[in-house]
Every structure is written in C-alpha cells, then in structure tokens.
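Trainee: Just passing along the structure, written as structure tokens.
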Amino acid sequence: MNNNHIRYLNQNHILFKEAIIAFSKEQVENTPSLVKLYETTADKRLFGYLVLDFNLSEDIVCGDITIFKSEKIYFDLKDTLGQQMSWSYISTVRLPEYVNFLNSSLYTLALSSICSFAFERPVYSGTEYSYEKHLEKKASLEELKHIGMSFPILSLGNNGTESRVHHSVISQWINNFKEVYEVINKFSKTDNSNSKLSFYSFFQIMRLFQLSLQNKKNDFDLSFSLLIASIESTATFYSMAISPTKPKEHKQWLKLRESGDPIISSLANKYQELWATFSQVEKDSQLSSRFIKFIFECTPEETWEATIDDDLLRDGLDYRQKYPHEVSRQPELTPHSLTDEELKDIIKKTYSYRSKFIHKGISTPHQEHKNSNRNRFFEKTLNMPSYSAQKKAAIMNIEDLYDLHAKYELMSCIARVSITEYAKRTTTKAKIH
C-alpha cells in the first residue's frame, strides 16, 4: 500500500484497498481524504449494514463493534398462492467509535469480508453510505429494502436458495469470527512487506475467499478458482521458492558485461537475461508443491472433518453422532479412508484445476455444485479415457474408472482453517520479536 488515499467520490465503484485502510484506526487517523462527519463517542455511533443468506439468530459483540441479529426484510413478491417468494436477512452493525467519516460504508465492506471468511458464506455490505449518515439512527424499512434488494434470497421454486442454520453452527461461526477478528488486530497496521503475510495481504486473501463465495451460484469454475487462489496466495508466504543453483562461473560471466568487446558484452547480457527467466520458471514450477506443503502442514487431516453439509447446517454439528443410520446406507468416503499419497494427489489435481481454468479456460471436472450427507468431501466422476480403453479391452476395473475430486466445501474448510492458522503463527512470531 503506497499511500492512504481514499477517493472522495467513488460512484459506488469498489477499490477494496480503500476498505482495508478504513478498517484500521491507525490508517484512518492519517488519511486526510476521509471527511469527518461527526464527533462520535462511546455512546453515539454510526451504523452499517450486512446482507446475509441466513438468519443470524444472535448478536455478535466483538471489541468495539456489535453485529446485531438479522432482520428478515420482505420484498412483497408473492406467488399465486400468496406466499412470500423473496427476502433478505440484514444485520445492522454498530460501528466503532473512530468510524465517523463520510464513506463509513468502507469499514462495513472490510467487515463483510471477515464475516464471509469466518462463516464460509456469501456476505455483502450496504455500500451506499447514505444510510449511515445519522448518529444513532438506523435505516428505515424502505431503506433496508433498498439495501437488501441488491442481494435477494429466492425461497420458492427450482432456484430457491434459503438456508436454515442450526444454533450450534451459528455459535461455531461466531467463534470463528472472534478468532479471525483477534488475529487481524494483532497485525501491524504499518507493515507493507511483500515477503510475509501482513495486515493488507491477509485482508486481500479474505477478499478472494469472499468473492469466491459470492460468485459460486453464478459461475462455479470461477468461484472454485478464486477459492484455490486464496490458499495459493497464503502458501507463497508460508514457504519461499528455492532459487536454482548458479553455475560456478556465474559471477565471472556477469563481469564480462563490462568487457570492451561488444560481442562478449552482448553475450553476457543475454546470459543474465536468460538466467533470470530460467530462475523464475524454476520457482514457478514449485508453486504446486508449496501449495500442497502449506495445506498439509497448516491443516491437519482431522480438521477436514469440520466440513459442513446441508444436513449438519440445518440439524446441528452433532447430527451424525445422534442419527448415524439416517446419514447414508453407504459408508462415507472420508479423508481417513485414503492414504496420504492419495490425498496429496487429490490436492495436487485441485491446484491444477485452477491453473487450467485461469490459463486455458478449461472447466473444473466437478458435476455437483454442493456437497451432501453421502459425500461431504469428495466427488467421483467417470474417467472417460479409462472407460473407453477398458471397454475396448473388454476388461473392467471399477476402481480405475473414476477420478476423485475435492469438493468446494472441503476446500472452503481447508482454506479457512489453513489461512487462519498461518495468520495466527505469523502474528505470534511478530509479537515475540
């Protein structure tokens, strides 16, 4: 972050780096373009608004902020039977005392990325600051409708998306939020290092995670790739790329650039250029292995069990223990069912899906957009080349006919756990030194 400039007029076009500045009290105090509105106090604050895809059934009080339980806002859209078809869940946020500037919605935008990351759900913010201009005055019902209409929930029909969330899951999400919020406040707000995880890079990684969730319904391939990118971004901080070994004559050849002979100088300069390219190619070739290393060292296999399906979401985290015979007639394929090599192979393929989509426009092999109580972790798809070859040879080996792929929800869980774990390690180290 080169400066603390924030646009006075943004025409509702988001530059997320401005939201990161607005979230930090230290940065806010040194940002002249944040026009002050009021003298806020401990008792008099501004409000922001978060739009959720579930009913937040209890308040979240954390540090100097309060996220109030959500209100269900109807849009007066009914079917032929008179049933409500569309609504939003909106949580009012009582902002910290230092948030008293004109575009205070920037703070709420940053907060929405933390909530998305902690809840593993798409969370949006009311980005128009006109609803936050008055001290201790919440938005009216009509204003809340205007905010919520940007991100409606369609509850009926084939496109219905409402999620009912059990109180035990809500409690877990709140604990996740408080953990992440605590980590954020341990980061130095002035460290702009590009070589280690910082306040700014942590926020941008959470933003990648949030954008993944927000795009999941519209474009699964893009969503999955953004999710993997959030892990990859953190992995590049976790372990540095190893530079290739230089030839013994490396320094000697570079000195030839200063020789008086133009041909020799030209060859030496070309060598320097080729070596730089070769070094970068060698480092890039390590991205996959660094990705795998990061996941398995920061996300122990047992933590993968925190992956949630719709039944757990609706009926509680202990649903499987309470009703083991109602889950599935077939035993679930869990990470514990596979060897370490098989798991590493699945994660390696997962990384390749992002690369193929971003660089070649090749879709991921997934056929299902979400997990289920039968398959929380992995999806099986038919390997057509293997099937064709075996059919031609008239020999069928069922195990070789299918490929295993990590599901979105598993990778979401892995991303949240691994990124949070590394952020905690980073801030602990910073505190010690």
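Trainee: Name every residue in the range 390-430 that is more than 20 Å from Pro300 (Cβ to Cβ), of a type in the set (D, E, K, R) and at pLDDT 85 or above, in order of residue number.
Mentor: Scanning the range 390-430 gives a single hit, Asp403.
Trainee: Go over the candidates Ser363, Ser386 one by one and state the one that is among the polar types (S, T, N, Q), out of contact with any His (no Cβ under 9 Å at 6 or more places or on another chain) and modelled with pLDDT of 90 or more.
Mentor: After ruling out the rest, the residue left standing is Ser363.
Trainee: So Leu34 fits all but one of (1) within 14 Å of Tyr107 (Cα to Cα); (2) not in a loop (DSSP other than H, G, I, E, B); what number is the exception?
Mentor: It is condition (2) that Leu34 fails.
Trainee: Related question: Please report, ordered by residue number, the helices (runs of 4 or more DSSP H) entirely within the range 90-199 with at least 1 residues that are modelled with pLDDT of 90 or more and either surrounded by fewer than 16 Cβ atoms within 10 Å (Cβ to Cβ) or under 24 Å from the mean Cα position of the chain (by Cα) (or both).
Mentor: 105-119, 167-184
Trainee: Okay, next question. Could you identify the single residue in Leu197, Leu208, Leu256 that is touching a helix residue (DSSP H, G or I) at 6+ places or on another chain (Cβ under 6 Å) and under 27 Å from Asn371 (Cβ atoms)?
Mentor: Leu208
Trainee: If you don't mind, another one. For Ser233, indicate whether it is in the same structural domain as Ser212 (by TED's automatic domain parsing) and assigned to a helix (DSSP H, G or I). Steps first, please.
Mentor: On the way: in the same structural domain as Ser212 (by TED's automatic domain parsing): yes; assigned to a helix (DSSP H, G or I): yes.
For Ser233, the condition - in the same structural domain as Ser212 (by TED's automatic domain parsing) and assigned to a helix (DSSP H, G or I) - is met.
Trainee: Restricting the search to the range 61-89, which residues are farther than 27 Å from Ala19 by Cα and either assigned to a helix (DSSP H, G or I) or basic (Lys, Arg) (or both)?
Mentor: Residue satisfying the conditions is Lys78 alone.
Trainee: Oh, and also: Counting only residues that are of a type in the set (S, T, N, Q) and surrounded by 11 or more Cβ atoms within 10 Å (Cβ to Cβ), which one in the range 4-17 is farthest from Ile205 (Cα to Cα)?
Mentor: Taking the range 4-17 and keeping what is of a type in the set (S, T, N, Q), we get 4, 10-12.
Next cut, surrounded by 11 or more Cβ atoms within 10 Å (Cβ to Cβ) only: 4, 10.
Details: Asn4: 20, Asn10: 23 Å.
If we take residues in the range 4-17 being of a type in the set (S, T, N, Q) and surrounded by 11 or more Cβ atoms within 10 Å (Cβ to Cβ), then Asn10 is farthest from Ile205 (Cα to Cα).
Trainee: To continue, here is another question. Pull up the range 269-322, narrow it to residues that are in contact (Cβ under 8 Å) with a residue 60 or more places away in the chain, among the charged types (D, E, K, R) and surrounded by 16 or more Cβ atoms within 10 Å (Cβ to Cβ), then point me to the one that is farthest from Lys407 (Cα to Cα).
Mentor: So the residue we want is Asp315.
Trainee: Can you find even one residue in the range 37-49 that is among the hydroxyl-bearing types (Ser, Thr, Tyr), at pLDDT below 85, in a loop (DSSP other than H, G, I, E, B) and more than 23 Å from Asn185 (Cβ to Cβ)?
Mentor: There is at least one residue in the range 37-49 that is among the hydroxyl-bearing types (Ser, Thr, Tyr), at pLDDT below 85, in a loop (DSSP other than H, G, I, E, B) and more than 23 Å from Asn185 (Cβ to Cβ).
Trainee: With of a type in the set (Lys, Arg), surrounded by fewer than 17 Cβ atoms within 10 Å (Cβ to Cβ) and out of contact with any Phe, Trp or Tyr (no Cβ under 7 Å at 6 or more places or on another chain) as the only criterion, which of Lys25, Lys36, Lys69 stands out?
Mentor: Just one listed residue meets the conditions, Lys69.
Trainee: I'd like the full set of residues that are charged (D, E, K, R) and in a loop (DSSP other than H, G, I, E, B), limited to the range 365-380.
Mentor: Residues satisfying the conditions are Glu368, Lys370, Arg374, Arg376.
Trainee: Follow-up question, since we're still on this one. So is Ile20 in contact with a Phe, Trp or Tyr (Cβ under 8 Å, 6 or more places away or on another chain), on the phi < 0 side of the Ramachandran plot, among the β-branched types (Val, Ile, Thr) and buried (at least 17 other Cβ atoms within 10 Å of the Cβ) or not? Spell out how you get there, then give the answer.
Mentor: Values: in contact with a Phe, Trp or Tyr (Cβ under 8 Å, 6 or more places away or on another chain): yes; on the phi < 0 side of the Ramachandran plot: yes; among the β-branched types (Val, Ile, Thr): yes; buried (at least 17 other Cβ atoms within 10 Å of the Cβ): yes.
When the stated conditions are applied, Ile20 passes them.
Trainee: Among Lys246, Lys293, which is over 30 Å from Lys424 (Cβ atoms), among the charged types (D, E, K, R) and modelled with pLDDT of 85 or more?
Mentor: Just a single option satisfies the conditions, and that option is Lys246.
The values are calculated or read from the model by the stated rules, or taken from the named source; none is laboratory data. No experiment lies behind these values; they were computed from the predicted model shown. No Cβ is skipped: glycine too gets one built from the backbone with ideal geometry, and neighbour counts run over all protein chains shown.
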